[in-house]
1. Quick check: convex hull over the Cα atoms of chain A, volume per residue in Å³, rounded to an integer?
2. Mind listing the long-range amide H neighbours of B:VAL35? Cut-off is under 5 Å, sequence gap 5 or more, other chains count too, H placed in the peptide plane at 1.01 Å from N.
3. Would you mind checking the pairs B:LYS182/B:LYS240; A:LYS194/A:LYS230; A:LYS72/A:LYS183; A:LYS2/B:LYS182; A:LYS119/A:LYS273 and listing those with alpha carbons more than 28 angstrom apart?
4. With the contact rule set at Cα under 8 Å and sequence spacing of 6 or more, what percent relative contact order holds for chain A?
5. So for A:TYR172, A:TYR223, fewest C-beta neighbours within 10 Å to most, what's the order?
6. Scaled to the compact-protein estimate 2.2 N^0.38 Å, what is the alpha-carbon radius of gyration of the range B:2-153, rounded to two decimal places?
7. Using the count of nearby Cβ atoms within 10 Å as a rough guide to exposure, how do A:ASP211, A:ASP227, A:ASP280 rank from fewest to most?
8. State log₁₀ I(q)/I(0) for the range A:161-331 at q = 0.19 Å⁻¹ as given by the Debye formula over alpha-carbon point scatterers of equal weight, solvent excluded.
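Derivation of every value follows stated rules applied to the coordinates shown; laboratory data play no part. What you are looking at is a predicted structure, and each value in this text was computed from that prediction instead of being measured. Cβ atoms come from the backbone with ideal geometry, glycine included; neighbour counts cover every protein chain shown.
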Amino acid sequence: MKILVVNNMAPFLWGGAEELAVHLQRNLIAAGHQSEVLRIPFRWEPAACIPSQMLMVRAFELWNVDRVIALKFPAYLIRHPHKTLWLLHQYRQAYDLLEVGQTNLPPGDIGAAIRDAIKAADNESFEESKRIFVNSKVTQTRLKKYNGFDSTVLLPPINDPEMFVGGAPQGYIFAGGRVNSMKRQYLLVEALAKSAASVRLVIAGPPDSPDDVLRLEMLVEKYGLSDRVKLDLRFLSREEYAAYLNAASAVAYLPYDEDSLGYVAMEAAMAGKALITARDSGGILGLVRDGETGWVVEPEPESLAQAMSAACVDSASVVRRGDGARSLWLQMNISWQSTIERLLA
Amino acid sequence: MKIALCSSFVPFVYGGARNIVEWLESTLLAEGHQVERIYLPHIDTPDQLLSQMAAYRWVDLEAADRVICFRPPAHFIPHPNKVLWFIHHVRAFYDLWDSPYRNFPDDRRNRTIRDALHEADTRAINEARAVFTNSAVVSQRLRQYNGIDSEVLYPPIFDAGRFHCQGFNDEVVYICRVEHHKRQHLLVEAMRHTQTPVRLRLCGSASGADYMEELHATVHRYGLESRVCIDNRWITEEQKVDYLANCLAAAYLPLDEDSYGYPSLEASHAGKPILTTTDSGGVLELVENGRNGLICDPLPEALGAALDRLYDDRHATERMGQAARDRLDELGINWARVLNRLLA
């Protein structure tokens, strides 16, 4: 079959969704299909330019394609008679983030009109899709709540599980992945100031903006932590990333209310690392059980500091939780082969 | 520099239109630029033409410092630093309007769509800070249909250093997709008019089975099995390098193609003369008769005589092969020049 994976592109930025699309393509080919990725440019700032981009996607004509697997808004608006959605997330600023005031939609009538247009286009696209899979229970719940559509949870597999073999803990908490205010790495630095003196912290990953770098650097300086924090703020190769992760004592990942488990968490669990997260971090809670596979704490420095101290000091406890994380992950039995079979069923 | 390369594509169809984009991408990356390659779908049916133009108009690439647009309707993407490397129009609405390749009626409605397309194209192309084309043929059409001047910027091939010459055997090779407009059939028929033991090798896959069957039938009909080899598949790059290194000459005789075609360039880098025909279009911008190849009438008899001449006069053949390399320098077909012009 000729299967087109349709995804968004934020020009010159590369993230988890892009990586997922590439591996989906690679594994579709491995399963004997032809596959390409169509990446549609999308810019959501300012919000007033969203409706024309929705029309853009809707006006593209696909030919010579047997099936479409679409991942994100507005890419999934593309028209095709056999479209399967594997929804990573909707345009949250028109839904749940709008409700908590975290939206870029303008206030008043214009914002309401954009929100209505997004919702109407979403509903039409969901209606015309053959199957709807989602990447997490969180996404599933939202889709039901806001659009009234049922879906099946299909967790994305780790792309290169063989890299996450684990290793002896070297006494630091590792925070990998993109660096921005939603991922709240700054909380880790603040917590470090309150945790045991032996705890060290490594934050490594590409920052979204220079401000994100500045914020962390200023906190490190403010608390005088330069000998205990390593900021490696750039795009890391998979090898570099895996090396940091495999030698960590525990892995911290505390985004604000994220939709999915998150690769950082899945890869940490694969490597047998205990996880530290926050009560309001969303999807990752599917993998973090307090006391069993890691620590679930309040999103504030004091509770976080206790977990970080425990992870670096109480070695028996951190090893037990790390093993627990690995077992829980393996129990989920998530592989590319089974994922492809379900997507094409 | 942050450079966005934009082109249209049909999913799962690969060919020259992707090569020019992807080879430029690799070259720009090697020079340390940030590159984003953007292929968006497009089909050239009248009913969907205008809405698709609008879709491209809504593409937002403000994040890029420079946008380089290739295949239409990529030139509709708005950007203050838009440069075109224009490789062809939507030809059924331009030079192929009066040809069998227009597969919709010449009626009032379609003529209106055609006129709207011409006008919109002209406006969008005029927005660009520079307009380059891949051949004099395309530049001429831009002048004729859109009244726009452009600069020919010949597309080089990637990693040309792979190609080399090891010698000259008895075989003329035609390494190219096997399609009717590439006219492999003319060469097969030419073989029955040859007087020498010259051989022919066709390499390439066909999109449909009919033309390939026709070629095999011709070989069989004239008993050419021992001298014509049809390699009905997409050969590897290594095999291609090897065939070109050892062949007598390379053939490339499409019907009125826009550009000189990558097969001609590959042959030139391998130091082999090119056999082509008087109606092959852009190939004639590269090949000069008797200097770096032979240009003959698109008739089996004439092609047969040319094949014999390549076989008989080895000295001339080898000299033309050497001249084929020189011709590339003369036309400035290299990546340094391409980058210099596109980023100016």
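1. Numbers: hull volume 44.2 nm³, N = 345.
Dividing the Cα hull volume of chain A by its residue count gives 128 Å³.
2. B:ILE3
3. On the way: B:LYS182/B:LYS240 18 Å; A:LYS194/A:LYS230 17 Å; A:LYS72/A:LYS183 20 Å; A:LYS2/B:LYS182 26 Å; A:LYS119/A:LYS273 40 Å.
As for pairs spanning more than 28 Å Cα to Cα, those are A:LYS119/A:LYS273.
4. Numbers: 684 pairs, mean separation 50.4, N = 345.
Dividing the mean separation by the residue count of chain A yields 15 percent.
5. Details: A:TYR172 22, A:TYR223 15.
Neighbour counts put them in this order, fewest first: A:TYR223, A:TYR172.
6. Values: Rg = 15.2 Å, N = 152, 2.2 N^0.38 = 14.8 Å.
My calculation over the Cα atoms of the range B:2-153 gives 1.02.
7. On the way: A:ASP211 11, A:ASP227 8, A:ASP280 15.
So the residues, fewest neighbours to most, are A:ASP227, A:ASP211, A:ASP280.
8. Taken in order of the listed q values, log10 I(q)/I(0) reads -1.22.
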